[in-house]
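We did not get these values from a lab; they are worked out from the coordinates using the rules stated. Predicted model only: the values in this text are computed from it and were never measured. Positions of Cβ are backbone-derived with ideal geometry, glycine not excepted, and every protein chain shown enters the neighbour counts.
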Amino acid sequence: MAEIRIHKAGILTTVQDLGRFGFQQYGMPVSGAMDTYSLKFANSLVGNNLNEACLEITAIGPTIEFDSDTFIAICGADMQAQINGIDIEMYKTIEVKRGEVLSFKGLKKGFRTYFAIAGGIDVPMVMGSRSTYLRGKIGGFEGRALKNGDQLQLGMSTNKPQIKQISNEQIPEYKNSFTARIIPGPESTYFTVQALTDFLKSEFVLSNHSDRMGYRLKGKTIQHKTTSEIISSGIAFGTIQIPPNGEPIIMMADRQTTGGYPRIATIISSDLPYLSQLQAGDKIRFKEIRLVEAHELMREENLI
């Protein structure tokens, strides 16, 4: 069976698909790709099912050798991908030959990139998904981030992909500041009018204590009216909780299934892939929109 060899693993490279759905009632997080747009784009370019397992690469890219001729695609953050030291294009189907080596010169824009290969990454399915859940040490490749020397088997590609390229109009633009659109959360009434005003008018900075589970924000502290805790309730990708210290936490792909802090707002699904490309030190603002607007955006982008 065809495989790829990981000579250098990078900082945090994991196997991810679109997530592990249907098990949150048992306490199992969804996990999956942080930037689902980029994973889907990459899979589409190599002829895979959009949910096929890819590599999610964070900050510093790996070095990968191919043991057979195949097709790949790189989407998401620009880490200056190369084959045998020669620059390759992103958002395009790339043909590679046996013995060639993929590497990355360094991060230019964004934070996470997605590597798809024809046939996908063939790791065991766990609860219907190949995604890595790092805290639980399940899924992906041995439930962990990749290490130097790992060898990953590939799935069977049923047909030869056509060489395709995503149009410039569809390629996301990543910046060091982002305004995330939100709808009010179930506990938005737990905050004073001034606190809600501060939340919408303030600029927050992404803390270096952020990860795939949650983004911690630094900036104006958001004051609760009285209590800073609630009966544990459901958490979605993009839920914003306000803990006792008043510093917002945005729940991300590896979020827990329930939480006990008031949920002031939820970021709309359309903005989550952009949010996932931010890194520590980047700036975030929030803009409230109506629920009907959020649904319309989801329809436009085929999210519902």
Whole-angstrom gap from segment 4-38 to segment 198-268, using each part's C-alpha centre
22 Å
Hey, what do the phi angles of segment 116-132 turn into as Karplus ³J(HN,Hα) couplings, whole Hz, using 6.51/-1.76/1.60 and θ = phi - 60°, x for Gly and Pro?
10, 9, 3, x, x, 8, 8, 10, x, 6, 10, 6, x, 9, 9, 5, 8
State the extension gain, in nm to one decimal, for the chain segment bounded by SER167 and ALA236, taking 0.36 nm per residue of separation less the distance between their alpha-carbons.
21.7 nm
To the nearest 20 debye, what is the magnitude of the charge dipole of the chain about its Cα centre, counting +1 on the Cβ of each Lys and Arg and -1 on the Cβ of each Asp and Glu?
560 debye
If you add up the charges near THR239, with Lys and Arg at +1 and Asp and Glu at -1, over every other residue whose beta carbon is less than 9 angstrom from its beta carbon, what do you get?
+2
Cα-based helix-to-principal-axis angle, 291-300 vs the chain, degrees rounded to 10
10 degrees
For segment 101-170 versus segment 61-95, the gap between their alpha-carbon centres in whole angstrom
12 Å
Which residue fluctuates most in the GNM of the chain (Cα springs below 10 Å): THR14, THR192, THR113?
THR192
Report the gain in length on full extension from THR257 to LYS137: 0.36 nm times residue separation, minus Cα-Cα distance, nm rounded to one decimal.
41.5 nm
If we sort 208-217, 226-235, 97-106 on the protection proxy, mean other Cβ atoms within 10 Å, highest first, what's the order?
208-217, 97-106, 226-235
Any idea what Rg and Dmax come out to for segment 10-139 if you just take the C-alpha atoms, in Å?
14.4, 48
Candidates GLN194, GLN165, GLN82; GNM for the chain (alpha-carbon contacts under 10 Å) flags as most fluctuating GLN194
Once the piece of chain linking ASP211 and ARG5 is laid out straight, how much longer is it, given 0.36 nm per residue of separation minus the C-alpha distance between them?
71.5 nm
List the equivalent ellipsoid semi-axes of the chain in whole Å, largest first, each obtained as the square root of 5λ for an eigenvalue λ of the Cα gyration tensor.
36, 19, 17
So, counting K/R as plus one and D/E as minus one, what does the shell of residues with Cβ under 14 Å around LYS175 add up to?
-1
Amide H to amide H under 5 Å from PHE178: which residues, 5+ apart in sequence or cross-chain, H placed 1.01 Å off N in plane?
LYS283, ILE284, ARG285
